[in-house]
Amino acid sequence: MKKQKINLYLASPRGFCAGVDRAVKIVEESIKKFGAPVYVRHEIVHNKDVVNSLVRIGAIFVDEVKEAPIDRPIIFSAHGVAKSVVNEAKRRKMISIDATCPLVTKVHNETIRHYNIGRHVLLIGHKNHVEVIGTMGQVPPNSITLVETEEDAYKVKVSDPNNLAYATQTTLSLDDTSKILNIIKNRFPNIKGPSSEDICYATTNRQLAVKSMSRLCDYILVIGAENSSNSVRLVEVALSHGVKKAILIPNEEKLNMFLNKFNPKISPNIGLTAGASAPETLVQVLISKLKKDFEVNLIDHEVTKENVKFNLPKMLR
């Protein structure tokens, strides 16, 4: 029986960003330097396959610093941590290694700078996301306010509109963030912001690729974890730009569910991308599965090239 033909648009760039790549290498190099096990506070990045691959070579993931023994290194995840977490590791005299993405560190430093000169900070982000918890933990609680939605932006109260700054979570939707920022800037014209936008280059580039593919594709598949902010945003961006269906694929089970319902006679054009914490191996697994059932016309859909690299911490170079 002849296989049905489909057009598979492969987004480029996709998958691992420089911050995720650096964080994973930090764990690998720490194990080489200090031996196994090394301890990591929270998932180093939001992807089970990546986490499991590091467990296999000697990483142990814990929720809090106190769960790790004091004579082993503790690594802080790519999403960043509150100052209290760093201080706890210092108090316990542990070797601590910071795998925070440098772009998140930039947001931390800006937030601290605004606080030091007396500004209240409005942080645009999602409540309980680990990156947001880390950023809010850089300054005292009464000096920073979380703004999640446009409604929050209309309602937020500040004591001194002339001493105000904003920062954003790095993995947000560009479109949603710009709407919230427009409201805030209209309400508080003197608000200070970062010299360049906080939303990271990788988040921006992956969203631009999805927007571009949305004009060509009926379906868009996003490989990424359900707790990965940037992966979830890619699904939202696809849906808001007119695709019939955008699906997050965190595992093989979800992929099989999609394939069982997929009818290429109705919609032969599929876009495929991966969130910034999803490894390329998962992309290739998905392509292989599609090739078993369909004649796949693979089309590289490149919107920009990425050549960003971040150095490892000095102790691991």
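Readers should treat all values here as calculations from the given coordinates under stated rules, not as data from a laboratory. Since the structure is predicted, the reported quantities are computational estimates derived from the model, not experimental observations. Note: ideal-geometry Cβ built from the backbone for every residue, glycine included; neighbour counts use all protein chains shown.
Give the distance, in whole Å, between the Cα centre of segment 299-317 and the Cα centre of segment 88-149. About 24 Å separates the Cα centre of segment 299-317 from the one of segment 88-149.
Remark: for residue pairs 185/245; 25/66; 179/265; 32/254; 3/305; 245/292, the C-alpha separation exceeds 27 Å in 185/245; 179/265; 32/254; 3/305. When Rg and the Kirkwood Rh are both derived from Cα coordinates, the Rg/Rh ratio for the chain amounts to 1.01. Calculate, for residue 52 and residue 292, the FRET efficiency according to 1/(1 + (r/R0)^6) with r their C-beta to C-beta distance and R0 25 Å; round to the nearest 0.05. It comes to 0.55. On the basis of the beta-carbon distance and an R0 of 30 Å, residue 299 and residue 253 show a calculated FRET efficiency of 0.65. The calculated FRET efficiency for residue 156 paired with residue 72, based on their beta-carbon distance and R0 = 41 Å, is about 0.45.
For segment 100-139, the residues whose backbone nitrogen is under 13 Å from a point 7 Å from the Cα of residue 87, taken along Cα to Cβ, are 137-139. Summing Cβ point charges (Lys, Arg +1; Asp, Glu -1) relative to the Cα centre of segment 48-176 gives a dipole of roughly 660 debye. Highest mean packing comes first when the peptides 42-54, 151-163 are listed by Cβ atoms within 10 Å, giving 42-54, 151-163. For residue 75, the residues whose amide H sits under 5 Å from its own are 39, 40, 41, 97, ignoring neighbours fewer than 5 places away on the same chain, with H placed 1.01 Å from N. Comparing 217, 38, 158 along the charge dipole axis of the chain, the residue lying farthest to the positive side is 38, per the Cβ-charge model. Our summary gives the chain a relative contact order of 27 percent, counting only alpha carbon pairs under 8 angstrom and 6 or more residues apart. Among the listed pairs 155/309; 2/211; 83/157, those with a Cα-Cα distance over 30 Å are 155/309; 2/211. A crude spin-label estimate for the pair residue 308 and residue 186, with each label 7 Å from Cα along the Cβ direction, gives 3.0 nm. For the chain, the 222 nm mean residue ellipticity estimated from helices alone, with every DSSP H stretch of n ≥ 4 adding -39500 (n - 2.57) and the total spread over all residues, rounds to -12500 deg cm²/dmol.
Name the shape class, rounded, prolate or oblate, that the alpha-carbon gyration tensor gives for segment 120-199, where a ≥ b ≥ c are the square roots of its eigenvalues, rounded holds for a/c under 1.5, and otherwise prolate holds if a/b is larger than b/c and oblate otherwise. Rounded shape, in that the Cα axes give a/c under 1.5. By definition, a body whose alpha carbon gyration tensor gives a ≥ b ≥ c is prolate when a/c is 1.5 or more and a/b is larger than b/c, and segment 54-144 fits this prolate description.
Go through 201, 241, 262 and say which Cα lies farthest out towards the positive end of the charge dipole of segment 196-278; charges sit on Cβ, +1 for Lys and Arg, -1 for Asp and Glu. Positive-most Cα among the choices belongs to 262.
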